[in-house]
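None of the figures in this text is laboratory data; all of them are computed from the coordinates on show. All values derive from a computational prediction rather than experimental measurement. Cβ placement follows ideal geometry from the backbone for every residue including glycine, while neighbour counts extend to all protein chains displayed.
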Amino acid sequence: MKRIVILIIFTMLFIGCGKFHAQSSDNRKPELSSVFLQSWRDGSAKEQIVSFVEDVTIEGFSNFVPKEQRRAFFDMDGTLLCEKPNYIEVGLAEHRLLEKAKNDPALADKPIYKAILGGDSDYLYKNVKAVIAEAFAGETLSFYIDYCRNFLKTQKHHRFNRSYASLFYLPMLELIKYLQANGFIVYVVSTSQQEFIRSISEDQIGIQPQHIIGTMVGFTLANLKEDAPPIFIRDRSYFDPYNADDNKVVRIRERALLPAMFAFGNSMGDYAMLDATSDSKLPSLVCILDHDDAEREYEYHKKTLLKEAQSRGWLVVSMKKDFHRVFADE
């Protein structure tokens, strides 16, 4: 009799467990991934991302994390946006400097303008921080933002013959929307200027300006007109810390945004941010974008980072294998 009772209890427990798992499975939201990740090819990379997101966002799952703790961090250049053959922000600065030099011939003897007019790319590369700061020094912040937007929409990439604004990777933009739809707050953490990214963050990336963390070129408040409110004027300095390498994590911590759960980068300049996410006390996923598609974009590999990813179990996303489309107008 005891054996029969034990068998009945065991059977009931087994059925109960089966129901629990079935209910948990039914709670999954496959429609979100199919709606938002249409430019991703089916495969292990997409599966790992979707599985992670579902595990941390479905109540009842062991790795469930409340919304207020779901934070994701993306690098920009080379992760969200094409960075070859030159960073777009650098192209913007050079475009403005050339414009200024043509409008004011007296500038031609100054080293930066002389390099711009003479096409001295070595000098410009070695002095890139000064180049970026000089390009819009003395301009109002509103002028700079409008100039950025116009440049990105009207100027074209020489190889792809499409506007710079269209060079954001469609699968990455879809991933951001997918995370947001699952309750994540998404941040862009970049060495590019904070205001440069903010000028197009809502329209092009779908991220609010307050969620952009970038390098900050100095500015001051000035009264240009009597009886008018002061406005921001850019100068040639930089606020500390310069938002590169380890300082990315410093800036993230300043905003009390640690621990992180999700991070996506493509170079060793992102390593500290990726490392901080990997060491999080929360469930986490770290992703690396490998540029291995010479036909649709460029082929170049960050070998040191890829080696780290392999040793640490980070997810390497292949542009060639995992992206069904690269650009929206492809």
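Just the number, please: percent antiparallel of the DSSP beta bridges in the stretch 117-259, rounded to the nearest 5. If you can, show how the numbers build up before the last one.
Numbers: 7 of 10 bridges.
Here the share of antiparallel DSSP bridges comes out near 70 percent.
Viscosity 1.002 mPa s, temperature 20 °C: what is the translational diffusion coefficient of the stretch 67-188 from Stokes-Einstein with a Kirkwood Rh over Cα pairs, rounded to a whole number of µm²/s? Display every interim value, and only then the final one.
On the way: Rh = 16.4 Å.
Roughly 131 µm²/s, to the nearest whole number.
Taking 25 Å as the cut-off for C-alpha to C-alpha distance, list the pairs among Lys84/Lys320; Lys126/Lys320; Lys84/Lys153; Lys110/Lys248 that go past it. Write down the numbers at each step before the final one.
Numbers: Lys84/Lys320 16 Å; Lys126/Lys320 32 Å; Lys84/Lys153 18 Å; Lys110/Lys248 33 Å.
Too far apart for the 25 Å limit: Lys126/Lys320; Lys110/Lys248.
So how many Å³ per residue does the convex hull of the Cα atoms of the stretch 44-106 work out to?
Details: hull volume 7.4 nm³, N = 63.
Per-residue hull volume (Cα only) is 118 Å³.
Obtain the radius of gyration and the Kirkwood radius of the stretch 88-154 from its C-alpha atoms and give Rg over Rh.
Details: Rg = 11.5 Å, Rh = 12.1 Å.
Using only Cα positions, Rg/Rh for the stretch 88-154 is 0.95.
Please list 237-249, 173-185 highest first by mean number of surrounding beta-carbon atoms within 10 Å per residue. Can you show the working numbers first?
On the way: 237-249: 16.1, 173-185: 19.3.
Most protected by this proxy first, the peptides run 173-185, 237-249.
With both partners inside the chain, how many of the DSSP beta bridges are antiparallel, as a percent to the nearest 5? Could the numbers behind the result be given before it?
Values: 12 of 31 bridges.
About 40 percent, rounded to the nearest 5.
Rg/Rh for the stretch 138-280: what does it come to with C-alpha atoms and Rh from Kirkwood?
Value, to two decimals: 1.00.
Relative contact order for the chain: what is it in percent, counting Cα pairs under 8 Å that are at least 6 residues apart? Could you put the intermediate results ahead of the total?
Working: 487 pairs, mean separation 65.9, N = 330.
The value is 20 percent.
Just from its helices, what would the mean residue ellipticity at 222 nm be for the chain, if runs of 4 or more DSSP H residues each count -39500 (n - 2.57) and the sum is divided by every residue, rounded to the nearest 500 deg cm²/dmol?
Values: 14 runs with 148 residues, N = 330.
My calculation for the chain gives -13500 deg cm²/dmol from helical runs alone.
In cubic angstrom, how much convex hull volume per residue do the alpha carbon atoms of the stretch 211-330 span?
On the way: hull volume 21.0 nm³, N = 120.
Output value, Cα hull per residue: 175 Å³.
Where is the GNM fluctuation largest for the chain (alpha-carbon springs, 10 angstrom cutoff): Lys46, Lys110, Lys129?
Answer for the Gaussian network model of the chain: Lys110.
Find how much the distance from Met268 to Ala328 grows on full extension, using 0.36 nm per residue of separation minus their present alpha carbon separation; answer in nm with one decimal.
Values: separation 60, 0.36 × 60 = 21.60 nm, distance 2.73 nm.
Contour length minus the Cα-Cα distance gives 18.9 nm.
Would you calculate the convex hull of the Cα atoms in the stretch 155-211 and tell me its volume per residue in Å³?
Details: hull volume 5.1 nm³, N = 57.
With only Cα atoms used, the stretch 155-211 gives 90 Å³ per residue.
I want to check the label-to-label distance for Asp293 and Arg236. Put each point 7 Å from Cα in the C-beta direction and report it in nm to one decimal.
Calculated label separation equals 4.2 nm.
May I have the extent of the alpha carbons of the chain along their three principal axes, as whole Å values ordered from largest to smallest?
Extents along the principal axes, in whole Å: 104, 51, 33.
May I ask you to order 266-277, 72-83, 315-326 by the average number of other C-beta atoms within 10 Å around their residues, highest value first? It would help to have the intermediate numbers written out before the result.
Values: 266-277: 21.9, 72-83: 24.1, 315-326: 18.2.
Packing order, densest peptide first, comes out as 72-83, 266-277, 315-326.
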